[in-house]
Every structure is written in structure tokens, then in C-alpha cells.
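Chemist: Encoded as C-alpha cells, here's the structure I'll be asking about.
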Amino acid sequence: MNVDKKSLKEQEIRTMFISPALVAKGWQVPTNMREEYYFTAGRILVYGKEHSQEKGKKADYLLFHKGKPIAVVEAKDNVHALGAGMQQAIDYARILDLKFAYSSNGDGFLEHDFITGKETELSLEEFPTEDELYNRLIDSKNLTAEQQEIVETPYYYDAYTHEPRYYQRIAIDRTVEAIAKGQQRVLVVMATGTGKTYTAFQIIHRLHKSKAKKKILYLADRNILIDQTIAQDFKPFKKFMTKVTSTAEGTPKIDTAFEIYMALYHQLVGREGQPDPFLEVSPDYFDLIVIDECHRGSAKDDSAWRKVLEYFHSATQIGMTATPKSDEGANNLEYFGKPVYTYSLLQGIQDGFLAPYRVTNSFINVDLEGWTPDEGEKDLLGQEIEQKLYQRQNIGRELAFKLRRKIVAHRITQMLHEIGRMTKTIIFCSDIEEAAEMRQLLINMNADLVKKSPYYVTRIVGEDKEGKKQLDNFISVDEPYPTVVTTSELLSTGVDCKTCGLIVIDKEIGSMTEFKQIVGRGTRLRPDKGKWHLEILDFRNATAKFRDPEFDGDPVPKIPSPRKYKINNGEDGSNTSTAGEPKHDKYIVDGVNIKIQSEIVSVLGEDGKTMKTESVTSFARKHIQRHFESLDNFIQKWSEADKKQAILDELKEYAILIDAVRDANPALKDADIFDIICHVAYDQKPLTRRERANNVKKRNYFGKYEGKAREVLEALLDKYAENGILDFEKAGILEIPPFNLIGKPTKIIKLFGGPAGFEQAIKELETEIYKVA
């Protein structure tokens, strides 16, 4: 059969030429090939109360070997050259960590081999088989037979486990391969909410199943993390897994009958004057240790927890963290080495796996200007206030303004009214005293909800046992209370609150690690619970760290500096001061003329780095112009579309929300969808729907119709003027007033000679509506 390839669309080229060529070489759906395979979810964009989701990244063909991707193929129509899809194929291969990328236009294939760096043209018949590709890949790795057996151990699958996301697969594969090759310290960096525990499970499964590792210790620093892991991701290990528990005397016992041990760091370290429980077993007892959240105590070279890792020094040790540290004395980069893989918060947001954030920076005048007391001025406690300039970093720690506290509480309450008062919220305060004061202020400002539950606002800090009891309820996706929690340090790490939709920062944040951990409390998506993004209300300009190059990269190891010893001011609420300096109680002042001076609302930039404010209108303009090359091109597409809804659906795929544009521009309230697009993107003067309807009447378009047929079309035009063009496309339009008063749908359609005549009349009316006056 002779076919003019140039006249065929891309899908036809794939169906008639590319797919048959692949099938002929043994690539079959779904065994070892998938077509139109989405490997990202698509970035979420939020404007006001509306959201949209971009299209995810999609490979035309993804080829597999024993469940693992091995090559990507991108197709183009035959008007394009053989290698026209190669750049996209290379981009996808790099993201997916593949060594082979192909482009095809139906004439053959162009191969890019990342192993050799060469590109080769192949005929349709020369595409490699699965075994040929895999042998080339495995030969490049120079593995021994034993190493290859470990690397080839499959993932764990059952009816309840999901397929790894692409970045989880890369982290798992790289870790397993590194350990198979003898690497003893491995660091995996994955943003909070991207599935570190599931990734750890698959790594442990493959190393245990291959018998590369037989006795495995999993360490975490909070009981709730251990319990969640055992009950969820690690459930398949239940037959040979145990949680290290303490005896009646408080001494933990390591039962040697098991193979996987779940333990808290501090369980394995003896109390002062007592032997360390980990000494019960020999230093070579464990051959694999996985350290969860290794940015915390385990990495400190002077930490008691570090003793555990050093005692079992012969074991392979995997550190998992969202925030690699290079701080003096707590350098997990130095201990574990360079990460084998990093999946950052920004990558997760751009891929659509994590919630995007919208930041409201609220600047308070006293924070910006500072405050100096009058000579001899005393605070509300009768203390004479030290004479100096108190700046933002001092407020909440050395000195507090009662009026400032009220302003912050009022702004938080206002935001909750804006986004939903049952939004799970974490408020980070300077210390536990400020957390207590903020709790009381918010209770009084939200008394109507506190009447429904006294736990609507709750303080959760280290010393408050009653508050800590509510932690499980707060992180539960099904429990509404507590809704708003105040804290200082306790909730900054390790608390998995999937529905947290608002984070308030009213404390100074010194380290990038702490900042990442605080933001990480709200990065999870829960569309089923209505959570599509994270709001951050920042009173301390902490979110300036989003613009720091270190925010989305691995920190550079820092040069040690002379240590400064300070008295701790953490969860105990004590005041921080340099050793040797006199301490005082926090000064409490009423404060006068304190107000929010300005606010800036910002969103994540397209480059994934900058924070910028962008209106929904400017966003729509930019993306409509990208999608339609000119005004004429848009008008042509609009005119040719059988259903205008298809145009809107197409725009929505690119996150362009016409309703949001209308809401943001009061002048466009009654404008037609067509006019909104033409005005926003191409600066055309918009007409209202009523103006367009009147133009049709002025041209006496209905003169060629009479009787009931004319009555139907006039009613349709009135419907358009009232509700818009999409009413024309509703299946039941003829069943509602005033049409049902004219007759049944079948009778109305007969007025135009049948379905074809009715459709033609509708099409002509649409043409008249959009005709230039």
C-alpha cells in the first residue's frame, strides 16, 4: 500500500510505522513497553481559590527490562526530520536516568547512546531487542556476577504496593548498585513528602531478598515515625521484623531471632552511668543500617547517638534526609559522602508531586524600624529596660510587644477567614512563652469555633504533656481538631501532617536546614481533602531563603570556625545569651503605633528559583500567546472548533483559567470567553455578551427565519447573552425554559428539517455572534 507519509499525523505515523517496528523486535504493551507514559503529574498553579494543573511530562514510548525503564522513544510526524524528537528524548532520558534515547519520524530511528556519547541512524528493522539493549547497559557497568545478581533483584510488588515514581526508582536503583559495588556510606536526599520511607522499604527489600544484607537496623528518632513505618510501608516485613522495646526496668532488649529491627536512637544508648544496650550484640551483628532523617542528631560528631553508628562501623549505612547539612560538628555530607541522588522540593513542585506554595510577607513597622526605650523606662514587669536598639531578631526573645502579638494574631485569623477556618495550621513562635500567648489571643479571636471544640487552637511544645497528647489528632487527615497549633520547635521536623495548609512564621530562622524542615511540614498534596497548595504567612522575612542558591542545592561544606558557646533558648523557654553575660526576664511592653506596614504576595517562578508576584492575567497572556501564535491563529481555531468547550479544556491543560481571569478583571465580568482571550492576549477591545447579541439583531440575521424556528433562535441568542456560548453545547438545552414551552426537542429539531439542519443553524448563529461588526 502506497501511503503519502507527509500527509499523516503523528499518531498515524506511530500506529502505521513506529509501533509495528517496535513490536517486530519483541517490544509489547504492557509486557515491556508503554505508550504515552506520564512520569510526572504536572505542576499545580493556584490563583485565589481556583487551581489548575499543567500537563505532566509524557514519553511517547517507554521501554522496560524486567519492570525497569531502559529506553525512551519520541515520535514526530514525517514532515519533521528523523532526529526532530531527539532533544526531547534526551531530556526525558536524563530525567529518567536512562542510557538510550530514540527519535523517529516513521522512516527509521535515530539512537543516542549515553554510554558511548554517539548517535546512530537505524532503519525500522534495525531497532534493538530488549536483550540487546540490556546487554549493552549491563556491560557498561562492569559488574561481577554477584553484583549483577543484587542489582537485578526485582522490586517488591503485591496488590497493595504501588509502582515507584520515577525519582524513587532512581534513588532505589542507585543506592542498591552503589552498595552492590561495595560503597559503605550512602546518602539519599529526598524532599519531605516524596516517599523516603517507601524508598527505604524497596532498598531494604532488594538487599535482603538478594541476601546481600541479612541483619538490618532501621533507626528513627520518634516513636510515631517507627510505628507509622511498621504499620504502613514496612508491613510486608512483618514476619521477620521487630520493634526494639524496653523491659520493665527500661532496658531495651535486642531479640536475635529477627532480621529487621526498628529502633529509636536513644533506646540503644544507655542512661548516664549505665552500659549502652547496643553492646549486647557484636559490632558486626548488623550488616545494614538505615538512618531516617539523618540531618538530625545522628550526624553530630559529638552526639551520643553517633556512638551507635561508630560501634557498628562495619555495617553499610544509608542516610536518608530532606536536608543535607554541612554545619560544623553536624556534617552528614562529610560522614556519608556526596548524595547518590537528590530529589528536591522544587523538583517535586514542578513535577506536580508536591504542593506549591504561596507566600504572604507581612512587614510590621516596628520590625523594620527597630525600637529604643526611653532612658530609665521600665517594662510591664517593673524591669528597667536595657538601653539599646531592639531589632526584629530581638523581638519575641529579649522583648515582646503586646500590641504586636495582637496584630499578628488578628492577621492569622483574617487569613483563616480567607482560606478556610478549618485549615490545619502550624504557627512557629519565638519560644514557648510566645506560643502560649499566641494560643490565648487566637482562642479569644475565634471563640465561636473554640465553643465547638476547646482544641481548635492548641499549643504543642516539648514541656506541655497535654498539648503533646493532641499531636496524633492534629496530624490525622480525618480529625478536625486541633486545627491551629502554636509551637516553637517541636513541629519543625518529623511531623507528617498531610493536610497542613497554612504555616505561619513568627520566629527568626537561622539555618537553611530548619527553614526547609518548617516548609516541609506543609508540602504534601491531598486533593481528596481539598489541599492543592500551601499558604505561608511570614512575619520575619524567613522566606527570603527561597532565593538562596543553597535552598535547592546541596550545601557546600563549611570551613570550621571558632565555637561560640550559648545558653540554650529552645523548648525550655529560657532566654538565650552569650555565656558570661547577665540574663534577664523577657521585657514585656504594651507598644504603640504598631501596624502592618506592607504585604507582598509571591508565588514560585517558572524557573523554579525566583519568588515573584504574577497576576493571573499576565500569566494567561503569556501562555495564550505561546499556545496560539497570533490573533488570527486563535480566531481560526475558535471558528473551526465544533465545541468551544474543547478550546477551554485545551487552555486548562496549560493551566490557563479563564474564570479566574474574569474574576480578576471586573471590567470583563459580562464579556464573552472569546473577548476575554482576545483582550488579555492580543489587546483587543472586549465586547459584552449583550453587545454581541444586539449586533446580531441589528444585522437582521433572523429575517430568513419565521414562526417557531425564529422563536427558537432568538431564545438561544438570549441564552447566550445571559450565560455565554457554552450554553449552546449543553445536551439538555432544549429541555429547559423557554424551549420546552415551544415543544419537545424532537419537534424543535424538525422545525429546521432535522438534526443536520438544526446543527447548521446553530453553527451559522455562532458565526454571526463572532462576526466583526
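The values are calculated or read from the model by the stated rules, or taken from the named source; none is laboratory data. Quick caveat, the model's predicted, so the values are computed rather than measured. Neighbour counts run over all protein chains shown; Cβ positions are idealised from the backbone, glycine included. In case anyone asks, the SASA skips ligands and DNA or RNA and just uses the protein heavy atoms, side chains included. Shrake-Rupley method; radii C 1.70, N 1.55, O 1.52, S 1.80 Å.
Chemist: Return the whole-Å distance between the Cα centroid of the stretch 351-378 and the Cα centroid of the stretch 721-749.
Modeler: Going from one Cα centre to the other spans 56 Å.
Chemist: A further question follows. Under the 0.36 nm per residue contour assumption, what length would be gained going from the current alpha-carbon distance of Glu466 and Phe363 to full extension?
Modeler: 33.7 nm
Chemist: Any chance you could look up the accessible area of Asp374 with a 1.4 Å probe, heavy atoms only, rounded to 10 Å²?
Modeler: Looks like 110 Å² after rounding.
Chemist: Would you please put 469-482, 430-443, 179-192, 627-640 in order of how densely packed they are, using the mean number of other Cβ atoms within 10 angstrom per residue and starting with the highest?
Modeler: Descending mean neighbour count gives 430-443, 179-192, 469-482, 627-640.
Chemist: At 1.4 Å probe size, with every protein chain present, just tell me what the per residue accessible area of the chain comes to in Å².
Modeler: Here the residues of the chain average 46 Å² of exposed surface.
Chemist: On to the next question. Would you work out which of Asn740, Phe109, Val461 lies farthest towards the positive end of the dipole of the chain? Charges go on Cβ: Lys and Arg +1, Asp and Glu -1.
Modeler: My answer, from the dipole projection, is Asn740.
Chemist: Estimate the FRET efficiency between Leu279 and Glu508 by the formula 1/(1 + (r/R0)^6), using the beta-carbon distance for r and 30 Å for R0, to the nearest 0.05.
Modeler: 0.15
Chemist: Please work out the FRET efficiency for the pair Lys378 and Asn593, using the Cβ-Cβ distance as r and a Förster radius of 22 Å; give the result to the nearest 0.05.
Modeler: Efficiency for this residue pair is about 0.65.
Chemist: A follow-up question, please. Using only alpha carbons, build the gyration tensor for the chain and give me the equivalent ellipsoid semi-axes, biggest first, whole Å.
Modeler: 53, 42, 23
Chemist: Under a Cβ-only charge scheme (Lys and Arg +1, Asp and Glu -1), can you give me the dipole magnitude of the stretch 624-773 about the Cα centre, in debye to the nearest 20?
Modeler: For this selection, approximately 560 debye.
Chemist: Let me check I have the definition right: for the stretch 357-414, take the eigenvalues of the Cα gyration tensor, multiply each by 5, take square roots. What are those semi-axes in whole Å, largest first?
Modeler: Taking √(5λ) for each eigenvalue gives 26, 13, 8 Å, largest first.
Chemist: Can you classify the stretch 408-505 as rounded, prolate or oblate using the Cα gyration tensor, where a ≥ b ≥ c are the square roots of its eigenvalues, rounded means a/c under 1.5, and otherwise it's prolate if a/b beats b/c and oblate if not?
Modeler: Rounded shape, in that the Cα axes give a/c under 1.5.
Chemist: Find how many whole Å separate the alpha carbon centroid of the stretch 183-252 from the alpha carbon centroid of the stretch 38-61.
Modeler: 32 Å
Chemist: Sort by residue number and report every cysteine in the chain with no other cysteine beta carbon within a distance under 4.7 Å.
Modeler: So, Cys294, Cys429, Cys678.
Chemist: Beta carbons within 10 angstrom, averaged per residue: use that to sort the peptides 16-25, 702-711, highest first.
Modeler: 16-25, 702-711
Chemist: When only DSSP loop residues count, what GluC sites (Glu not before Pro) in the stretch 174-275 have their Cβ near at most 10 other Cβ atoms within 10 Å?
Modeler: Counting only loop positions with at most 10 other Cβ atoms within 10 Å, the GluC sites (Glu not before Pro) in the stretch 174-275 are Glu249, Glu272.
Chemist: Whole number please: convex hull volume per residue of the Cα set in the stretch 108-173, in Å³?
Modeler: Taking only Cα atoms, the stretch 108-173 has a hull volume of 140 Å³ per residue.
Chemist: If you take the square roots of the eigenvalues of the alpha-carbon gyration tensor of the stretch 674-738 and sort them as a ≥ b ≥ c, do you get rounded (a/c under 1.5), prolate (a/b over b/c) or oblate?
Modeler: oblate
Chemist: Right, here's the next one. Using 0.36 nm times the number of residues separating Glu132 and Lys406, minus their current alpha carbon distance, what extension gain do you get?
Modeler: 91.7 nm
Chemist: Now for a separate question. Compute the distance in nm between two label points, each set 7 Å from the Cα along the Cα-to-Cβ direction, one at Asp659 and one at Glu418.
Modeler: 2.1 nm
Chemist: Now a separate question. Any idea which of Tyr37, Thr129, Phe201 is furthest toward the positive side of the dipole for the chain, if Lys and Arg beta-carbons carry +1 and Asp and Glu beta-carbons -1?
Modeler: Tyr37
Chemist: Could you pull out the GluC sites (Glu not before Pro) across the stretch 344-424 that fall in loop regions by DSSP (anything but H, G, I, E, B) with no more than 11 other Cβ atoms inside 10 Å?
Modeler: Filter output for the stretch 344-424: Glu375.
Chemist: Right, something else. Relative to the Cα centre, what is the charge dipole magnitude of the chain, using +1 at the beta carbon of each Lys and Arg, -1 at the beta carbon of each Asp and Glu, and rounding to the nearest 20 debye?
Modeler: 1320 debye
Chemist: Shape of the stretch 638-697 from its Cα gyration tensor (a ≥ b ≥ c, root eigenvalues): rounded if a/c is under 1.5, otherwise prolate when a/b > b/c, or oblate?
Modeler: Oblate shape, in that a/c is at least 1.5 and b/c is the bigger or equal ratio.
Chemist: If you take the Cα atoms of the stretch 1-127, find Rg, then find the Kirkwood Rh from the mean of 1/r over all pairs, what is Rg/Rh?
Modeler: Computed over Cα atoms, the ratio is 1.03.
Chemist: Same structure again: Using a 1.4 angstrom probe on heavy atoms only, work out the carbon and sulfur share of the accessible area of the chain in %.
Modeler: Carbon-and-sulfur percentage of accessible area, whole number: 49.
Chemist: Further question: Kindly provide the GluC sites (Glu not before Pro) of the stretch 1-110 that DSSP labels as loop, not H, G, I, E or B, and whose Cβ sees at most 12 other Cβ atoms within 10 Å.
Modeler: Nothing satisfies the criteria.
Chemist: If you restrict to DSSP beta bridges whose two residues both lie in the stretch 186-289, what percentage is antiparallel, to the nearest 5?
Modeler: So the antiparallel bridges in the stretch 186-289 amount to around 15 percent.
Chemist: Which distance in nm do the two modelled labels at Leu122 and Ala544 give, with both placed 7 Å along the Cα-to-Cβ direction?
Modeler: The two pseudo-label positions are separated by 5.4 nm.
Chemist: Sort 152-160, 542-550 by the packing proxy (mean of other Cβ within 10 Å over each peptide's residues), most packed first.
Modeler: The packing order, highest mean first, is 542-550, 152-160.
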